[in-house]
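Working notes, beginning with the structure itself.
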Amino acid sequence: MARKLIAGNWKMNGLEGTGRELARDLAARARSAAPGCDLLVCPPAQLLFPVGEALAGSPVQLGAQDCHTEPSGAHTGDIAAPMLADAGCNHVIVGHSERRANHGEADALVRNKATAAQAAGLTPIVCVGETEAERTSGQALAVIESQVRGSLPDGGGSEALVVAYEPVWAIGTGRTATSPDIAEAHAHIRALLTAIHDDAGRDVRILYGGSVNPDNAAENLGVAEVGGALVGGASLKADDFWAIAGSCP
Ligand code: PGA
């Protein structure tokens, strides 16, 4: 079983000073006490270079929060996967629910972004998850299944793909899914991954995300088939992110 991956999604937060400082702090901790899990931070695009510089020589990896489907071209305001690789990234988040909701991104687009990421040598972290209305109406697993089937790229395997299960109602709300609900969703995603990718699907890490913090991390990370965490708010504080990393079993 692969080591767990703790990924920080900084979202639209951080200026040059604060971003560099946070990255320096994490890098120093990781250099002096090797973490028992893989660590990744995904700052906003303007911080990729300073954060990458601060992380250099440490075990903390660099990722981005989104990419375009094309490798270059007339796409004002977008960023291409080869640019992210050039900036030192090895992962990129795609299909986050905030992009699905705020930018109308549908499964087919997410799948094309994930494919573009793989073509550039990046590991896409493909996010899926149901809304509260979908869960209360008993459709959570069906929604997750259709997002997995529609959003995943062709290539699987532990280096090529990460999936993140993030119930939309748990993101930034302080509410987390119960362990049985997380276990059920992750088992369903695992079954789909092995059906789609055979053996390569067995190794794909499935992260849980949604209000993960130092108090609930050990429980969340202890659930079967949870291969790590995608952490938003708590990843902006070095102490909290480090405590979550330290909760890996
Ligand atoms: P949160 O965000 O930890 O602040 O809930 C998680 C995410 O959106 O990836």
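The values are calculated or read from the model by the stated rules, or taken from the named source; none is laboratory data. Since we're looking at a predicted model, the values are computed, not measured. With ideal geometry, Cβ positions are generated from the backbone for all residues, glycine too; neighbour counts draw on all protein chains shown. Side chains are part of the model used for accessible areas, which takes the heavy atoms of the whole protein and leaves out ligands, DNA and RNA. Shrake-Rupley method; radii C 1.70, N 1.55, O 1.52, S 1.80 Å.
Things to note:
- Any chance Ala191 is within 16 Å of the ligand (Cβ to nearest atom) and of a type in the set (A, V, I, L, M, F, W, C): no
- Within the range 36-49, the residues that satisfy the criterion of being more than 14 Å from Asn9 (Cα to Cα) and either crowded, with 19+ Cβ neighbours inside 10 Å or among the basic types (Lys, Arg) (or both) are Cys37, Asp38.
- Count of residues meeting criterion [touching a residue at least 40 places away in the same chain (Cβ under 8 Å) and away from the ligand (no atom under 16 Å from the Cβ)] in the range 156-185: 8
- Some residue of the range 125-138 being in contact with a His (Cβ under 8 Å, 6 or more places away or on another chain) and surrounded by fewer than 18 Cβ atoms within 10 Å (Cβ to Cβ): no
- The set of residues in the range 61-91 that are touching a Gly at 6+ places or on another chain (Cβ under 6 Å) and of a type in the set (A, V, I, L, M, F, W, C) comprises Leu62, Ala85, Cys89.
- Selection of the range 12-35 for residues being modelled with pLDDT under 95 and buried (at least 18 other Cβ atoms within 10 Å of the Cβ) yields only Pro35.
- Helices (runs of 4 or more DSSP H) fully within the range 140-206 counting 2 or more residues that are buried (at least 20 other Cβ atoms within 10 Å of the Cβ), touching a Phe, Trp or Tyr at 6+ places or on another chain (Cβ under 7 Å) and aliphatic (A, V, I, L, M): 179-197
- Residues in the range 186-197 that are touching a residue at least 40 places away in the same chain (Cβ under 8 Å) and more than 16 Å from the chain's Cα centre (by Cα): His188, Leu192, Leu193, Ile196, His197.
- Subset of the range 207-234 that is part of a loop (DSSP other than H, G, I, E, B) and either without any contact (Cβ under 8 Å) to a residue 24 or more places away in the chain or near the ligand (Cβ under 8 Å from one of its atoms) (or both) - its residue that is surrounded by the fewest Cβ atoms within 10 Å (Cβ to Cβ): Asp215
- Residues that are in contact with a Pro (Cβ under 7 Å, 6 or more places away or on another chain) and among the charged types (D, E, K, R) are absent from the range 148-160 altogether.
- Listed conditions (1) out of contact with any Leu (no Cβ under 9 Å at 6 or more places or on another chain); (2) over 22 Å from Gly209 (Cβ atoms) are all met by Thr69, apart from (1).
- Which listed residue, of Gly8, Gly77, Gly104, is open to solvent by 50 Å² or more (accessible area, probe 1.4 Å) and under 20 Å from Gly172 (Cα atoms): Gly104
- One residue alone among Asp240, Asp215, Asp198, Asp181 is modelled with pLDDT under 95 and of a type in the set (Asp, Glu), and that residue is Asp198.
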